[in-house]
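Read the structure below first, then the notes.
The values are calculated or read from the model by the stated rules, or taken from the named source; none is laboratory data. Predicted, not measured: the structure shown is a model, and the values here were computed from it. Cβ placement follows ideal geometry from the backbone for every residue including glycine, while neighbour counts extend to all protein chains displayed.
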Amino acid sequence: MKLNIKLKNCYGISLLENEIDFSEKNICSIYASNGTMKTSFAKTFVDLSRGEKPKDEIYPDRETICEIKTDGSDLKKENIFVINPYDQEYKSDNISTLLVNQELKKKFDTEYQEIQKQKEGFLKSIQKLSGLKPQEIELEICNIFFQDERNKFFEALEGTEKEILNNEEAVYQDIKYNELFNDKTKQAIESSDFLSNIDNYVKKYNELLEKSNFFKKGVFNHTQASDIATQLDKNGFFKAEHTVMLNGRKEPVKTKNDLEKVITEEKNSILQDKKLQDEFEKLDKILKKNANIKNFRECLSNNPQIVSELSNPASFKAKLWKSYFKQDKNVFKDLLSKYAKSKETIKAIREQAQKEKGDWHKVISDFNNKFFVPFSLHVSNQVNVMLNNELPQIKFKFEDTDVEENKLLKVLSQGEKRALYILNILFEVKVRKNNSRDCLFVIDDIADSFDYKNKYAIIEYLKEIAGVDGFYLIILTHNFDFHRSVCGRLDMKGKETRKNVLNVVKTNAEIKLVEEIYQNNPLKYWRNNLDKPNMLLASIPMVRNLFEYSGKDTEFQRMTSFLHIQNDTNSLTLKNLKELYVLIFESQVVKKINNLDTFFYDLLIQECDQIYNDEKLESKIILSIAIRLKAEEFMILKIDNEEFINNISKNQTVELFNEYKTLPNIKIKDIKVLEQVNLMTPENIHLNSFMYEPILDMNSDELIKLYKIIKRMLEGSE
């Protein structure tokens, strides 16, 4: 794959045009010193991954161009994943997919869908009777029969099963629940006036029941009487020529119609009692004050037998729902029968799900094996994540104690926090791997603030990610040591892959990505090019240090004259340098050094004067050498004390600077320049484990500017 990039005015990137060829290696490592383009580049791709257009935040009116193409086609947002250095709030949205065993999930979904389908049929039949929507029905049933606990619908039905499946008939199936109990009626039936009057109504109603020869309060009411008439007829009681002898009546009842007639007469004698009617009128008068409950009043007027039930709304609600269940008894029975069977199947599936160790556990296990962190973690709701599509609830254990994530973050070091962030990144990477979709990873300084052992763990992860077909990595870093380690461990030193090891060169006009020349070992590169003056001169600090590390003090002191102003510095030639180099390098390499009569110092200044907008390491090193030598020349000239100069045994530049500051009539601006020399050059001309990272981070323009200033200072003093 070839990635073509054209950016203009994107978060400070004035212009960047480049092609990254992933055909030989699906990795590109870019070393970018701070302030060049790294963060701007990553932010641009973040926008693209969100389907947004990048912009320039400082100059929003400038035209922005952002063209990213893969093999000639626009890069799609879903094929981009940007990994920022650290984002405490980042959480992968796709962790749940890593917990799911698809086979178990399919079994569960099949069982769940079957029971849901039957449940929907049941709710639909109840909907017609109650006047409520299915979701409202489910909520009401849970509230009434299972102590307000949601998601306990089937358990609520099971609690009524025995009563519903007995032989009693439905009583209130013709009363619509939503006409009696809704937001409008709630206020009315809970008012103090209504409660007081309903109490009077019930008292009068109970008095009439006590006087009745037919009904008996608390034992046998009109509802039970109607149910008996239906049951006797249904069971062939009257067809068998049986009769019913009622209390207070001389003649037996021989038919269902006769029995129902007696029941109706007795019921009407109570409900149409003048005093009871008066009590009802008082209730109705209270209800008339609320114009929004007309249907409620009509329902009570048409069904006076339910008025007394309103003295206990909770009990009445339960009776209504049980009536609806009885009305569709077969549907109710089939639903609970199916639920009983499914419950056992689902229980077995859930038990298996609890034991599952899916991709999530593999990511965790791999993370724990690679990273050194003081915490472990697990998903507390694994079963519901797998089967019910819940979001994972991740619990952390810190030194054998469960802690919340926000508390854990307070005690972790920056490196440990970043490790936790990396873990969330790994979840997302695993999901994208499972999806088998091409993905461009833009990785912005992911190893920043890590200690070495965890830094190398990250490199191992990068290697694993790079091993996935269809994954392409752009690794951005300002840490040259990390850049070097990535290139080494991810096998990017070969001729075909080195084109993807890049350095950033920034000018006022544009940013360029240039192929790194040294491939991790500049000394080896310079050693093979000693015929080139800039590389010969740049190798001097390393050769000096090699003599130092080898214990060759005499040679070390002779090499010092090339880096500090000594009595012989101005007279040193390339022949003198060659005589020392032959003690370190093989003869066929050293013989490349030519023009042996050339004075070292003259060649150094000649080379430095030619440097312009050059970010090569050798150019920066020889500038640093020249700056320090010119600065020392300047201070020696001003101090003008041969005895003091000859007695300096170490740290010559610093000793000269300290003495210079004691001189009378010195210029403040000159001191500031010399302070810059001390700040910018010491680490640049010594071998160190970071392979000149300080100087690589420095823009050549800064060194060129300082070189010209110190040169003018010296020329003005001569």
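One table, with the values for the structure above:
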read-out: Breaking point among (1) surrounded by fewer than 18 Cβ atoms within 10 Å (Cβ to Cβ); (2) under 23 Å from ASN182 (Cβ atoms); (3) of a type in the set (S, T, N, Q), for SER337; value: (2)
read-out: So GLU615, is it without any contact (Cβ under 8 Å) to a residue 40 or more places away in the chain and surrounded by fewer than 21 Cβ atoms within 10 Å (Cβ to Cβ); value: no
read-out: Residue among GLU510, GLU515, GLU555 that is at negative phi, acidic (Asp, Glu) and buried (at least 16 other Cβ atoms within 10 Å of the Cβ); value: GLU555
read-out: Some residue of region 655-667 being assigned by TED's automatic domain parsing to the domain that holds LEU703, within 16 Å of ILE710 (Cα to Cα), touching a residue at least 60 places away in the same chain (Cβ under 8 Å) and not small (Gly, Ala, Ser); value: no
read-out: Selection from region 36-74 of residues that are of a type outside the set (S, T, N, Q), in contact (Cβ under 8 Å) with a residue 40 or more places away in the chain and buried (at least 20 other Cβ atoms within 10 Å of the Cβ); value: MET37, LYS38, PHE41, ALA42, PHE45, PRO54
read-out: Positions within region 619-665 being over 20 Å from GLN676 (Cα atoms), part of a helix (DSSP H, G or I) and of a type in the set (Asp, Glu), in sequence order; value: GLU642, GLU643
read-out: Qualifying residues in region 289-300 (those that are farther than 18 Å from LYS203 by Cα and at pLDDT 75 or above) - the one surrounded by the fewest Cβ atoms within 10 Å (Cβ to Cβ); value: GLU298
read-out: Boolean, PHE450 is assigned by TED's automatic domain parsing to the domain that holds ASN34, touching a Cys at 6+ places or on another chain (Cβ under 8 Å) and of a type in the set (Phe, Trp, Tyr); value: no
read-out: The listed residue being touching a helix residue (DSSP H, G or I) at 6+ places or on another chain (Cβ under 6 Å) and touching a residue at least 12 places away in the same chain (Cβ under 8 Å), out of LEU462, LEU502, LEU537; value: LEU537
read-out: Within region 233-274, tally of residues that are assigned to a helix (DSSP H, G or I), in contact with a helix residue (DSSP H, G or I) (Cβ under 8 Å, 6 or more places away or on another chain) and at pLDDT 80 or above; value: 2
read-out: 1 or more residues more than 21 Å from the chain's Cα centre (by Cα) and under 30 Å from HIS361 (Cα atoms): qualifying strands (runs of 3 or more DSSP E) within region 1-101; value: 27-31
read-out: Every residue from region 456-504 that is modelled with pLDDT of 85 or more and more than 24 Å from VAL429 (Cα to Cα); value: LYS499, LEU502, ASN503, VAL504
read-out: Leading residue by the ranking (modelled with the highest pLDDT) among those in region 396-454 that are under 18 Å from the mean Cα position of the chain (by Cα) and among the aromatic types (Phe, Trp, Tyr); value: PHE441
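Okay, residues lined up against (1) modelled with pLDDT of 90 or more; (2) farther than 18 Å from SER619 by Cα:
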residue	(1), (2)
PHE657	yes, yes
LEU674	yes, yes
THR681	no, no
ILE685	no, no
ASP701	no, no
ILE704	yes, no
LYS708	yes, no
